[in-house]
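The values are calculated or read from the model by the stated rules, or taken from the named source; none is laboratory data. All of these numbers come straight from a predicted model, not from anything done at the bench. Ideal geometry is used to build each Cβ from the backbone, glycine not excepted, and the neighbour counts take in all protein chains shown. Only protein heavy atoms, including side chains, enter the accessible area calculation; ligands, DNA and RNA are left aside. Shrake-Rupley method; radii C 1.70, N 1.55, O 1.52, S 1.80 Å.
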Amino acid sequence: HKNSFFAAGMIQFPNRVFVGPPGWDMTSPPGAVYPWDPSAAMSSVSKDYFLLKTIDVPDPDDSDPIVAILSSPGPLVVLKRNSVHGIDGSYPDFSQRVIAPGIGCVDLRSAISVSEGLFWCGETGIYWSPDGQHIVDLTEGKRNREWRALTRAAGTTWGSTSYVTCGVAHGHLVVSGSFGGTARSYLYDLTRHEWMGRLSNLTARHMFSARISGE
């Protein structure tokens, strides 16, 4: 995102985002000055030489852990279980803000960033953001009651017996998962902005889209 490497998900620091300098060659320490001599002693008088920059979202003691991070045309979007945050700026100067309290992401596998925008699944809806700042619940007024019943059935079993994954292909969003043992797969037309119905014989745990120019 913005030429920097971002990472999250370290179990000891569930609210922390790690950031590498732009163009960082990951075969050398993030604080290395090029050309870097790989035979040099692996020590430094600077405490930051071997450390990435860190950003706690919103603070180290927040009880809502990070589920996924997504690059967008605007901020780096940080999805937590019950809230959405944005990290603005560029290395090394960053700021953060709450984009949407009360909604979040239940499964890392559902969070994707593609040319059509950002998508993820939460307990109260399936969300789309074209720019990382404006968020639309694709289930609102359509199949929201059904979706909330499914996520309630999943309860606290996300990541074990319950899961949900998203993928985009040929202008359609595919949402597939198992919710407390109930399998569901849905197809959404991104051009007409309409749910096309359910798919049968499909309970994907992971999806991957490869887009190659000319194909």
Report, to the nearest whole %, how much of the accessible area of the chain belongs to carbon and sulfur atoms, 1.4 Å probe, protein only.
54
Paramagnetic reach from H193 in the range 120-137 [backbone N under 13 Å; point 7 Å along Cα→Cβ]:
128-130, 135-137
Other-chain or far-sequence residues with amide H under 5 Å of K53's (modelled H)
V19
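Summing -39500 (n - 2.57) over the DSSP H runs of n ≥ 4 in the chain and dividing by its residue number, what mean residue ellipticity at 222 nm do you reach, to the nearest 500 deg cm²/dmol? Before the final figure, lay out the partial values.
Details: 1 runs with 11 residues, N = 215.
The per-residue figure over the chain is -1500 deg cm²/dmol.
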Accessible area in square angstrom per residue, the range 34-93, 1.4 angstrom probe:
56
With both bridge residues required to lie in the range 87-215, what share of the DSSP beta bridges run antiparallel, to the nearest 5%?
95
Quick one: what are the phi-derived ³J(HN,Hα) couplings along the range 8-23, Karplus 6.51/-1.76/1.60 with θ = phi - 60°, whole Hz, x for glycine and proline?
8, x, 6, 4, 6, 10, x, 10, 9, 10, 9, 10, x, x, x, x
What ranking of K53, K2, K80, K47 comes out by heavy-atom accessible area, probe 1.4 Å, highest first?
K47, K2, K53, K80
Please compute the Kirkwood hydrodynamic radius over the chain, one decimal place, Å, based on all pairs of different Cα atoms.
18.8
